[in-house]
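Asks: Shown below is the structure under consideration.
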Amino acid sequence: MAQTMPQAFMANFLGQAPQWYKQTIIVFLILNPILLYTVGPFVTGWILILEFIFTLALALKCYPLQPGGLLAIEAIFIGMAPPEAVYLEAQSNFEVILLLMFMVAGIYFMKDLLLYVFTKILLGVKSKKALSLLFTFVAAVLSAFLDALTVTAVLISVGTGFYAVYHKVASGKKLHHAHDHSDDEGVIEYHREDLEQFRSFLRNLLMHGAVGTALGGVCTLVGEPQNLLIAEKAGWDFIQFFVLMAPVTMPVLVAGLITCFLLETTRTFGYGAQLPSAVREVLEEFSGEEDRKRTLRDKASLVVQALVAVFLVIALATHIASVGIVGLAVIVLLTAFNGIIEEHQLGSAFEEALPFTALLVVFFAIVAVIHEQHLFTPVIDTVLAMDSDIRPTMFYIANGVLSMISDNVFVATVYINEISAALQSGRITRAEFDVLAIAINTGTNIPSVATPNGQAAFLFLLTSALAPLIRLSYGKMVIMAFPYTIVMGGVGMAAVYLVF
């Protein structure tokens, strides 16, 4: 059937997104100017926030940059905030943009070392309980010094590599044969049960690892993008940030590890799957083959990556330069000493971070609208009017609930800007500001493990090519994250209430 020009335009608009989603965004774009001139900028501003949260919550239907960006452009165009306000927001958060541009790209060139470490852990530890704890803890430590997205990318690479190897063998092929591991048609019948158990095993490890990135990511100013944003507003360096967050983050880390152990012991919420012995034999053979093929140049590359990792930890701990500049130094050191000197080899390192960097600037446009229209003033006034004993807990809860349904970077950006304004106007003291900043950081980082919407690392895992292979759906992730959400969120809230 021939397609008309309007149908062609509609087909191109937001690409593969469902028709109802496209129509909803068009309704939003038509409605907003009408609302501005009928109910006023304050109500329209709040509706714009809800529309933007809608795009974040449905990130699996369409990446939020496009629909969220259209809403932001329209808001600027109809005068809800001047373009200069967006520029000033981006300028004041320039260090966060540098972090996403350079640090994430820098760690990309360290993937071989991280892949080697996780492979040795997976095959070297026989006990599933010990392996789960180690995966969670190592992911936490790495996320504290690197970033959660990159650590998740490494976990996905390990999982995909091992899944492809066993799927090939289960289909009756040798390791050197070409094979499509997304097609189950060729899987030999007596291998099917082991394959299903292996899928469950990988789901367990990846969810433990993803939770580990949240446990570690909350601890330091480089763990998550909003951490640096909060630290910049508060004037905290790496050590200060870690020490101030520790009364909340350390109990939560312990609670998370205990939860991991109990889930594997009780085999509830989809956990407790063991690695079949037949699968282990195949993976050990594959790992041995990879070790034998590793050349002296490959080994030298791993040594360089390890040395640069040490430099990175020292540079962050001593704060010798801004985090983004340290990330750029990591890129230069790793590429120079490992012979990565062609432009096209460098380009792929920036693919993971730049879409999210662009989305972050769209966040800043929405934040500019919030500032210009004073949208959060009534909310902040209500919370600040509460008794000082309950105020941090209420901030933690508000940030946690919003982060579950939208994006924790967006939520943290809004709230930290509001309490910064309250500090500058003299409505709160510096000590009160510090406590509320801690509540915002922990509130946006810890309860947001509830859904893939809140944590970028969880969303990255869900949208990866590995997720459908191991049957990891949105619903499955929510169910598997539920016990972690309850325990970690509850312990975090209790710590905020009791300590501050």
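Asks: Residues 471, 427: which one is in contact (Cβ under 8 Å) with a residue 12 or more places away in the chain and either at positive phi or touching a strand residue (DSSP E or B) at 6+ places or on another chain (Cβ under 8 Å) (or both)?
Replies: Just one listed residue meets the conditions, 471.
Asks: Let me ask something else. Only one residue in 403, 425, 348, 388 is under 30 Å from residue 102 (Cβ atoms) and either of a type in the set (D, E, K, R) or open to solvent by 10 Å² or more (accessible area, probe 1.4 Å) (or both), so which one is that?
Replies: From the options 403, 425, 348, 388, the qualifying one is 348.
Asks: Do we find that residue 92 is under 30 Å from residue 266 (Cβ atoms), in the same structural domain as residue 327 (by the TED database) and polar (S, T, N, Q) in this structure?
Replies: Taking the combined requirement at face value, the residue does not satisfy it.
Asks: Suppose we filter 29, 36, 14, 70 for residues that are not hydroxyl-bearing (Ser, Thr, Tyr) and not in a helix (DSSP H, G or I); which single one remains?
Replies: Among 29, 36, 14, 70, only 14 is not hydroxyl-bearing (Ser, Thr, Tyr) and not in a helix (DSSP H, G or I).
Asks: Tell me which residues, restricted to the range 362-376, are at negative phi and open to solvent by 50 Å² or more (accessible area, probe 1.4 Å).
Replies: Of everything in the range 362-376, those that are at negative phi and open to solvent by 50 Å² or more (accessible area, probe 1.4 Å) turn out to be 371, 372.
Asks: Then there's this: Could you tell me whether any residue of the range 47-56 is loosely packed, with under 15 Cβ neighbours inside 10 Å and part of a helix (DSSP H, G or I)?
Replies: Yes, because at least one residue in the range 47-56 is loosely packed, with under 15 Cβ neighbours inside 10 Å and part of a helix (DSSP H, G or I).
Asks: In this structure, is residue 420 over 18 Å from residue 214 (Cβ atoms), modelled with pLDDT of 90 or more and in a helix (DSSP H, G or I)?
Replies: Yes; evaluated as a whole, the condition is true for this residue.
Asks: A further question on this structure: Considering only the range 429-459, state which residues are more than 19 Å from residue 153 (Cβ to Cβ), open to solvent by 10 Å² or more (accessible area, probe 1.4 Å) and aliphatic (A, V, I, L, M).
Replies: Residues satisfying the conditions are 431, 435, 450.
Asks: Restricting to the range 125-166, and then to whatever is surrounded by 19 or more Cβ atoms within 10 Å (Cβ to Cβ) and not in a helix (DSSP H, G or I), can you tell me which residue is nearest to the chain's Cα centre (by Cα)?
Replies: My answer is 147.
Asks: If you don't mind, another one. If you go through the range 420-474 one residue at a time, how many are closer than 16 Å to residue 199 by Cα, over 18 Å from the mean Cα position of the chain (by Cα) and not basic (Lys, Arg)?
Replies: Count: 3.
Asks: Out of 479, 438, 470, 486, I need the residue that is touching a Lys or Arg at 6+ places or on another chain (Cβ under 6 Å) and assigned by the TED database to the domain that holds residue 92. Which one?
Replies: 470
Asks: Just the residues that are outside any helix (DSSP H, G or I) and among the hydroxyl-bearing types (Ser, Thr, Tyr), please, taken from the range 288-305.
Replies: 295
Asks: Here is a further query. If residue 132 satisfies every condition in (1) touching a Cys at 6+ places or on another chain (Cβ under 6 Å); (2) on the phi > 0 side of the Ramachandran plot but one, which is the exception?
Replies: Condition not satisfied by residue 132: (2).
Asks: Right, another one. Limited to the range 56-107, what total is found for residues that are among the charged types (D, E, K, R) and more than 21 Å from residue 402 (Cβ to Cβ)?
Replies: Adding up the residues that qualify gives 3.
Asks: Another one. Being of a type outside the set (A, V, I, L, M, F, W, C) and either out of contact with any helix residue (DSSP H, G or I) (no Cβ under 7 Å at 6 or more places or on another chain) or open to solvent by 10 Å² or more (accessible area, probe 1.4 Å) (or both) is the filter here; which residues of the range 460-488 pass it?
Replies: 463, 464, 468, 471, 473, 474, 475, 476, 483, 485
Asks: Is there any pair linking a residue in the range 270-281 that is of a type in the set (S, T, N, Q) and modelled with pLDDT of 90 or more to one that is assigned to a helix (DSSP H, G or I) and buried (at least 17 other Cβ atoms within 10 Å of the Cβ), with Cβ under 6 Å and at least six apart or on different chains, and which?
Replies: Going by the 6 Å Cβ cut-off, the qualifying pairs are 274/128.
The values are calculated or read from the model by the stated rules, or taken from the named source; none is laboratory data. Predicted, not measured: the structure shown is a model, and the values here were computed from it. FYI the Cβ positions are ideal-geometry reconstructions off the backbone, even for glycines, and counts take in every protein chain you see. When the accessible area is computed, the model is the full protein with side chains, heavy atoms only, and any ligands, DNA or RNA have been set aside. Shrake-Rupley method; radii C 1.70, N 1.55, O 1.52, S 1.80 Å.
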